[in-house]
Amino acid sequence: MNPHAQQNLDAVFLALSDPTRRAILARLARGEATVNELARPFDMTQPAISRHLSVLEEAGLITTRVEGVRRPRRLVSGGMDGVDEWLSLMRSALERNYERLDHVLATTRRAKRKDKKWKR
Amino acid sequence: MEKMKLATEGDRYIVVTRRFAAAPEAVYRAHTDPKLIQKWCLGPDGWTMPVCISDARPGGKIRYEWKNGTGEGFYLTGEFVELVPFSKIVHIERMHLPDPTPDNRVETRFEPDGKGTLMTMRMTLPDAATRAAMLSTGMEHGMEASYVRMERELEK
């Protein structure tokens, strides 16, 4: 994992904790957009949207492109890699644990049944 | 059985849900009885838990020690906070990698679900430094498992 992504994990989780910012990311997943274009569907002022955008940009999730007077934002490819990697590690370790637990529970149940049989 | 679900909640929590084909009593015991914990709480393949202390009462100590075949290891310590048989466990835990990570408060609930159990575990999302340490440990584990699989393939 690249060290930059690792340092940014806190910023990424903070950025993702807000529904408006998640909606902005969903919108940008369809293609780049300017602050004005982003502000329209959210019924928010331009400064409010700009604040959200700077949180997303600091987390390394989006970037600004300069095109004359336009400043369209777009998603950074691989911006979510650090979070994805950590969560997938967590997921695979837990999944393996619970598969083993399924087996333990099945074995315990069979042992109990056998026990009852003997007592009878 | 339905697959596990793992979701982040805001920027502070992780919620894991999983169904089991056994009564809440059995699943609860598997989370508190050290003899049972040693059989399943092992993470990636190739690890064992030679030491497991689980004193299941409020204030009771928790200590899990993991080892792999090449002599590497790490451990976890903690304390039980609240136990409601067979429906709820609250405990605090920290990993020693080898420096202790900040305390993580974990709340695990067991609810009847048909003939089985729905387990919901809610834990604090560790901070960036802790995640980085866990990730680097986990990556080694993952890589080790991959190398073992690769060797097996090469022997064919």
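Of (1) assigned to a helix (DSSP H, G or I); (2) away from chain B (no Cβ under 14 Å); (3) modelled with pLDDT of 85 or more; (4) open to solvent by 50 Å² or more (accessible area, probe 1.4 Å), A:Arg74 satisfies all except one. Which?
The failed condition is (1).
With the condition kept exactly as written, say whether any residue in the range B:34-56 is at positive phi and either open to solvent by 30 Å² or more (accessible area, probe 1.4 Å) or within 14 Å of chain A (Cβ to nearest Cβ) (or both).
Yes: one or more hits.
Identify all residues within the range A:32-55 that are of a type in the set (Val, Ile, Thr), in a helix (DSSP H, G or I) and either at pLDDT below 90 or over 20 Å from A:Val12 (Cα atoms) (or both); write none if there are none.
Listed by number, the list holds a single entry, A:Val35.
Confirm whether B:Val16 is within 26 Å of A:Ser88 (Cβ to Cβ), surrounded by 15 or more Cβ atoms within 10 Å (Cβ to Cβ) and touching a residue at least 24 places away in the same chain (Cβ under 8 Å).
So B:Val16 fits the description; yes.
For (1) over 23 Å from B:Phe110 (Cα atoms); (2) touching a residue at least 12 places away in the same chain (Cβ under 8 Å), each residue gets a yes or a no:
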| residue | (1), (2) |
| --- | --- |
| B:Val27 | no, yes |
| B:Pro34 | no, yes |
| B:Trp40 | no, no |
| B:Asp55 | no, yes |
| B:Gly59 | no, yes |
| B:Tyr64 | no, yes |
| B:Gly73 | yes, no |
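How many residues are closer than 19 Å to B:Tyr13 by Cβ and exposed (fewer than 15 other Cβ atoms within 10 Å of the Cβ) when one looks only at the range B:89-110?
Summing the residues that are closer than 19 Å to B:Tyr13 by Cβ and exposed (fewer than 15 other Cβ atoms within 10 Å of the Cβ) in the range B:89-110 gives 3.
The values are calculated or read from the model by the stated rules, or taken from the named source; none is laboratory data. Note that the structure is a prediction, hence the values are computed from the model and not measured. Cβ sites come from the backbone with ideal geometry, for glycine too, and all protein chains shown count toward neighbours. What goes into the accessible areas is simple: the full protein's heavy atoms, side chains included, and nothing from ligands, DNA or RNA. Shrake-Rupley method; radii C 1.70, N 1.55, O 1.52, S 1.80 Å.
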